[in-house]
Amino acid sequence: MINAYGQTFDEIRPETLVKIDIDGYIVEDPTGLWINPEGFVIHSAIHRARPDAHTVMHTYTAAGIGVSAQLQGLLMISQHSTLFHSRVAYHDHEGIALDLDEQ
């Protein structure tokens, strides 16, 4: 299930979620709005690799955006940042993720 394309967070309800299969085919779309294909491409890769993961979410936190905007990335300057030492990977932004090779 994925939120319908164009809905704002205050409009999304369980009954408005779009059911899709693992290949991206819409099974049921109660809104008629379809889905954001970029959301499917990214999330389906995780569902395919981890069928035990029933929910996949991502967020854009202010801290995450701030770190990703720095040329040097995550700096090891505090005890908190050392939790991620040698555990951070970077992927160059290639634009909207619509191609399955983005998975």
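The values are calculated or read from the model by the stated rules, or taken from the named source; none is laboratory data. Since the model is a prediction, treat every value here as computed from it, not as a measurement. Here the Cβ is made from the backbone with ideal geometry for all residues, glycine too, and neighbour counts use every protein chain on show.
Counting just the residues of region 21-57 that are within 18 Å of LEU100 (Cα to Cα), at pLDDT 90 or above and of a type in the set (A, V, I, L, M, F, W, C), which one comes out farthest from the chain's Cα centre (by Cα)?
Among those residues, the one meeting the criterion is ILE26.
Report yes if GLY24 is closer than 19 Å to GLN7 by Cβ and loosely packed, with under 15 Cβ neighbours inside 10 Å, otherwise no. I'd like the intermediate steps shown before the answer.
On the way: closer than 19 Å to GLN7 by Cβ: yes; loosely packed, with under 15 Cβ neighbours inside 10 Å: yes.
Against the criterion (closer than 19 Å to GLN7 by Cβ and loosely packed, with under 15 Cβ neighbours inside 10 Å), GLY24 qualifies.
Could you list all residues from region 1-32 that are without any contact (Cβ under 8 Å) to a residue 24 or more places away in the chain and among the aromatic types (Phe, Trp, Tyr)?
Within region 1-32, PHE9, TYR25 meet the criteria.
For region 1-29, which positions are assigned to a loop (DSSP other than H, G, I, E, B) and small (Gly, Ala, Ser)? Before you say what the answer is, go through the steps one by one.
Step one: filter region 1-29 for residues assigned to a loop (DSSP other than H, G, I, E, B), giving 1, 3, 5-13, 17, 21-25, 29.
Within region 1-29, GLY6, GLY24 qualify.
List, please: which pairs have Cβ atoms under 7 Å, are six or more places apart or on different chains, and start with a residue in region 77-101 that is under 26 Å from ALA45 (Cβ atoms) and end with one that is assigned to a loop (DSSP other than H, G, I, E, B) and of a type in the set (Gly, Ala, Ser)?
Pairs found: VAL88/GLY73; TYR90/GLY73.
Please enumerate the residues belonging to region 33-65 that are part of a loop (DSSP other than H, G, I, E, B) and without any contact (Cβ under 8 Å) to a residue 24 or more places away in the chain.
ARG50, PRO51, ASP52, ALA53, HIS54, THR55, VAL56, MET57, HIS58, THR59, TYR60, THR61
Using the structure shown, decide if SER68 is of a type outside the set (Asp, Glu), surrounded by 13 or more Cβ atoms within 10 Å (Cβ to Cβ) and over 16 Å from ASN3 (Cβ atoms).
Working: of a type outside the set (Asp, Glu): yes; surrounded by 13 or more Cβ atoms within 10 Å (Cβ to Cβ): no; over 16 Å from ASN3 (Cβ atoms): yes.
Criteria not met by SER68.
When residues of region 71-93 are filtered for being on the phi < 0 side of the Ramachandran plot and either among the hydroxyl-bearing types (Ser, Thr, Tyr) or surrounded by 10 or more Cβ atoms within 10 Å (Cβ to Cβ) (or both), how many remain?
The initial filter retains those residues of region 71-93 that are on the phi < 0 side of the Ramachandran plot, namely 71-72, 74-85, 87-93.
Then drop every residue that is not either among the hydroxyl-bearing types (Ser, Thr, Tyr) or surrounded by 10 or more Cβ atoms within 10 Å (Cβ to Cβ) (or both), which leaves 74, 76, 78, 81-82, 84, 88, 90.
The qualifying residues number 8.
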